[in-house]
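Trainee: Sharing a structure, written as structure tokens. Questions coming.
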Amino acid sequence: MRNAFAKAMTDLARERSDVCLLSGDIGNRMFDLYKEVAPERFLNCGIAEANMMSMASGMALSGLRPVVYTITPFTTTRCLEQIRIGVAYHEAPVVIVGTGSGLSYAELGATHHSLEDIAILRSIPNLHICAPADSLELVVHLRDAITQAIPTYIRIGKKGEPDLHQESTILGIGKAHLLQSGKKFLLLGVGPILSEALTASENLRRRGIDLAVASVGTIKPLDHEFLLRMVDEGYDNWISLEEHHRIGGLGSSLLEWLADNCINSVRLRRMGIKDHFVHHLGGQSYVRGSEGLNADSIIELLESI
Amino acid sequence: MRRRIIKTSANARIPHLGSCLSCVELLTALYWKELQISSDAPNDPERDRFVLSKGHGAPVLFQILAERGFFPVKKLDEFGQPGSVFHEHPPKPGYIPGVEAATGSLGHGLPMALGMAIAQRIQGVDARCYALLSDGECNEGSIWEAAMFAAGQQIENLTAIIDYNKWQATGRSQEIMSLDPLSAKWEDFGWHVQEIDGHDFVEITNAFCLAKAEKTKPSVIVAHTIKGKGVSFMEDDNNWHYRTPNQNELASALEELNVYS
């Protein structure tokens, strides 16, 4: 995903003279082409995220479209107040991109895991929260965020994530859509972990269970129309899936949505990280498994319903 | 100016009076001598920008913006009233003409002004950015992050002014975080540094001229000031960080300032 991000940024910098990229001393050779296209609009801000975020808000208030990029914990919780005040309160059109979200950097340990960012950031007014499932959705979200000039946080993976969408199905920020249709059971997920859901869906179909899979894409604002349509179409067993703590993420957002809209016909089960830090490390795939978030865990849950 | 600020503090029960009185000359010189701004075009993209990084000095800023014609002075009658936008700190732009950034949480204003200065460079706008900091604010790590970045990128169109009144909320700034030698710190961080008397208009305006003449480094003006300046019983008494004057104190202060209400 990060390579797709670098390419999209290069294209955007070529198209628009107001697009700027601020990096927290990461990306090494990734932005070489961007720097050729717009050298004066690339700022390596060093390992100083508070300053980077406040500078971005100052730039945005002056008419630019800064995109801030570094590893997720450092571009979110590390500089939370700079996001809350400089970006969100000012409604400064800054795009905050966190790379290596969720368990992408599983083996780097708890310092590099980002499992609370959605919960924390979605409580801040004026901020859109996106978690694209693949590079295709990421590019659409990034373009939308810059065009719409709304403060936006985009939570992306690292590298090698498979494309899950058909390009034509992605409608942009605030729009969810089905990746796989089904009956009765609906898995609503965000981020690249949806590949686990599609694998599970394929396996389950062979066992006679039709699991629909939807990419929610944007956690804030939720796609109200899409969710209502899913209710109307008779999906009454929902499963939320996210590489994030169960507290405060997509699953919590959906519970709030169901409660606020007095929808009693749907039973929602939430799949996410338990309320703990992850110490027993391995690759992303290993930790997804040990935390009960892989395709096997989804199959196990569906078979238990 | 001091008379109005003290009366506002007394009437609306707005604290930080000592911090306001220490930066009156600095802000007056900025708004009447230095900033290239117009109250007729407060959003002119080619304007100079000023960020009150020490947002608790808002009563001075509001008074000055009114006097400079950004909004009627009469509007300040609602200062501190329920529902008013005129309270202890500047709100985000759009609510009070002339306010460039919402501040109050220390350590945000200088990096935001730095971002604005970088934007001017990118956009090819021939203008400058200014930020007024408190000395206590220099406790914040983000100030020094901004200091290093501005020097590294040679952002010469940025001027920081430090209202160096030697106090922070609950004690002497030197005793809490070992601020001294403050000028040497900024110099070591790569800035063009001037030390001045922050109550002397000639020194202030000269410093602004020299800051503008510096073409390779960001500039900082370390302005020695007195907290509570202008009223004998408030000067260098840190109780006036939080206190607001009662009616007797208000009368005494106004009498000292030789202006009767």
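Quick note: the coordinates plus some simple rules give every number you see, no bench work behind them. Being a predicted model, the structure only gives us computed values, none of them experimental. Because the Cβ atoms are built from the backbone with ideal geometry, glycine has one as well, and the counts that use them run over all protein chains shown.
Trainee: Report the label-to-label distance for residue B:248 and residue A:126 in nanometres (one decimal), using points 7 Å from each Cα along the Cα→Cβ vector.
Mentor: 4.5 nm
Trainee: Once you average over the residues of A:86-93, how many Cβ atoms of partner chains fall within 10 Å of each Cβ?
Mentor: Going residue by residue through A:86-93 and averaging, the value is 4.
Trainee: R0 = 25 Å: FRET efficiency of residue A:108 with residue A:3, Cβ-based, nearest 0.05?
Mentor: 0.80
Trainee: Continuing with this model, one more query. If you average 1/r across every pair of different Cα atoms in the range A:70-124 and take the reciprocal, what Kirkwood value do you get, in Å?
Mentor: 11.5 Å
Trainee: Identify, among B:113, B:63, B:102, the residue whose Cα sits farthest towards the positive end of the charge dipole of the range B:63-125, taking +1 on the Cβ of Lys and Arg and -1 on the Cβ of Asp and Glu, with the dipole about the Cα centre.
Mentor: Positive-most Cα among the choices belongs to B:113.
Trainee: Based solely on its DSSP helices, what 222 nm [θ] is calculated for chain A when runs of n ≥ 4 H residues each add -39,500 (n - 2.57) and the sum is averaged over all residues, nearest 500 deg cm²/dmol?
Mentor: Value at 222 nm, helices only: -10000 deg cm²/dmol.
Trainee: Cα to Cα, under 13 Å, and not fewer than 8 places away if on the same chain: which aspartates and glutamates meet these conditions relative to residue B:33?
Mentor: Cα-Cα hits under 13 Å: B:25, B:48, B:203.
Trainee: Still on this structure: At most 16 other Cβ atoms within 10 Å and a DSSP loop assignment: could you name the trypsin sites (Lys or Arg not before Pro) in the range A:236-277 that fit?
Mentor: Counting only loop positions with at most 16 other Cβ atoms within 10 Å, the trypsin sites (Lys or Arg not before Pro) in the range A:236-277 are A:274.
Trainee: Can I ask one more? Got a sec? Which residues in the range A:226-256 would a label at residue A:181 touch, if it sits 7 Å along Cα→Cβ and we count backbone N under 14 Å?
Mentor: Inside the label zone: A:230, A:233-235.
Trainee: With a cap of 12 neighbouring Cβ atoms within 10 Å, and only residues DSSP puts in a loop, list the trypsin sites (Lys or Arg not before Pro) found in the range A:15-59.
Mentor: Here the trypsin sites (Lys or Arg not before Pro) that fit, given the DSSP loop and packing criteria, are A:29.
Trainee: For chain A, set up a GNM with springs between Cα atoms under 10 Å and report which of A:249, A:182, A:100 has the largest fluctuation.
Mentor: A:182
Trainee: Considering only C-alpha atoms, what is the centroid distance from the range A:63-112 to the range A:241-305, in Å?
Mentor: So the separation of the two Cα centres works out to 23 Å.
Trainee: Another question about this same structure. State the antiparallel share, in %, of DSSP beta bridges confined to the range A:2-155, rounding to the nearest 5.
Mentor: Within the range A:2-155, antiparallel bridges account for around 5 percent of the total.
Trainee: I'd like the Karplus ³J(HN,Hα) series for the range A:76-88: coefficients 6.51, -1.76, 1.60, θ = phi - 60°, whole numbers in Hz, and an x wherever there's a Gly or Pro.
Mentor: 10, 5, 4, 10, 4, 5, 5, 6, 4, 8, x, 8, 6
Trainee: If you plug each phi of the range A:281-291 into the Karplus form 6.51 cos²θ - 1.76 cosθ + 1.60 with θ = phi - 60°, what whole-Hz ³J(HN,Hα) values come out, in order, with x for Gly and Pro?
Mentor: These are the phi-based 3J(HN,Hα) values: 9, x, x, 4, 5, 4, 5, 4, x, 5, 9 Hz.
Trainee: Quick check on the protein assembly as shown: what are the equivalent-ellipsoid semi-axes from the Cα gyration tensor, as sqrt(5λ), descending, whole Å?
Mentor: 50, 25, 20
Trainee: Here's something else I'd like to know. What is the distance, in nm, between label points placed 7 Å from the Cα along the Cα-to-Cβ direction at residue B:39 and at residue B:180?
Mentor: 4.1 nm
Trainee: Ratio of alpha-carbon Rg to the 2.2 N^0.38 Å globular estimate for the range A:168-305, to two decimals, please.
Mentor: Ratio of Rg to 2.2 N^0.38 Å for the range A:168-305: 1.00.
Trainee: OK, next. Taking a cut-off of 21 Å, what percent of all Cα-Cα pairs in the range A:160-231 are separated by more than that?
Mentor: So the pairs more than 21 Å apart make up 23 percent of the total in the range A:160-231.
Trainee: Let me ask something else. What Kirkwood hydrodynamic radius, in Å, does the range B:2-256 give when the mean of 1/r is taken over all pairs of distinct Cα atoms and then inverted?
Mentor: About 18.2 Å for the range B:2-256.
Trainee: Residues of the range B:35-52 with backbone nitrogen within less than 18 Å of a virtual label 7 Å along the Cα-to-Cβ line of residue B:209, please, listed as ranges.
Mentor: Zone members listed by number: B:35-36.
Trainee: Out of residues 5 or more away from residue B:50 or on other chains, whose amide H comes under 5 Å of its own, with H placed 1.01 Å from N in the peptide plane?
Mentor: Under 5 Å from the amide H of residue B:50 lie the amide H atoms of B:130, each far enough along the sequence or on another chain.
Trainee: Could you work out the Rg to Rh ratio of chain A, with Rh taken as the Kirkwood radius (inverse of the mean 1/r over all Cα pairs)?
Mentor: Rg divided by Rh gives 0.97.
Trainee: Report the calculated FRET efficiency for residue A:281 and residue B:77 (r = Cβ-Cβ distance, R0 = 51 Å), to the nearest 0.05.
Mentor: So the FRET efficiency works out to roughly 0.25.
Trainee: Can you spot the lysines whose alpha carbon is less than 27 Å from residue A:220's alpha carbon? Ignore those fewer than 8 places along the same chain.
Mentor: Within reach: A:7, A:158, A:159, A:175, A:183, A:184, A:274, B:92.
Trainee: Please report the net charge: other residues with Cβ closer than 12 Å to the Cβ of residue B:214, K and R +1, D and E -1.
Mentor: Summing Lys and Arg as +1 and Asp and Glu as -1 gives +3.
Trainee: I would also like to ask the following. What would the Debye formula give as log10 I(q)/I(0) at q = 0.12, 0.14, 0.15 Å⁻¹ for the alpha-carbon point model of the range A:65-212, no solvent?
Mentor: With no solvent term, the Cα-only Debye profile gives -0.53, -0.70, -0.79.
Trainee: Could you tell me the center-to-center distance, by alpha carbons, between the range B:72-147 and the range A:1-45 in angstrom?
Mentor: 29 Å
Trainee: Then there is this: From the helices alone, meaning DSSP H stretches of at least four residues, give me the mean residue ellipticity at 222 nm for chain B, per-run term -39500 (n - 2.57), in deg cm²/dmol to the nearest 500.
Mentor: Counting only the DSSP helices, I get -10500 deg cm²/dmol.
Trainee: What list do you get for B:54, B:74, B:185, A:183 if you sort them by fewest beta carbons within 10 Å?
Mentor: Fewest to most other Cβ atoms nearby, the residues stand as B:74, A:183, B:185, B:54.
Trainee: Any chance you could run the full-extension gain for residue B:88 through residue B:46? It's 0.36 nm times the residue separation minus the Cα-Cα distance, nm to one decimal.
Mentor: 12.2 nm is the gain from fully extending residue B:88 to residue B:46.
Trainee: Related question: What length, rounded to one decimal in nm, is gained on full extension from residue A:303 through to residue A:206, with 0.36 nm per residue of separation minus their alpha-carbon distance?
Mentor: Taking 0.36 nm per residue and subtracting the Cα distance, the gain is 33.7 nm.
Trainee: Then there is this: Under 15 Å between alpha carbons, and skipping anything fewer than 8 positions from residue B:217 in its own chain: which aspartates and glutamates qualify?
Mentor: Answer for residue B:217, where 15 Å is the Cα cut-off: B:156, B:187, B:188, listed by chain and number.
Trainee: Can you sort B:125, A:213 from fewest to most other Cβ atoms within 10 Å of each residue's own Cβ?
Mentor: B:125, A:213
Trainee: Out of every Cα pair in the range A:2-155, what percent are spaced more than 25 Å from each other?
Mentor: 18 percent
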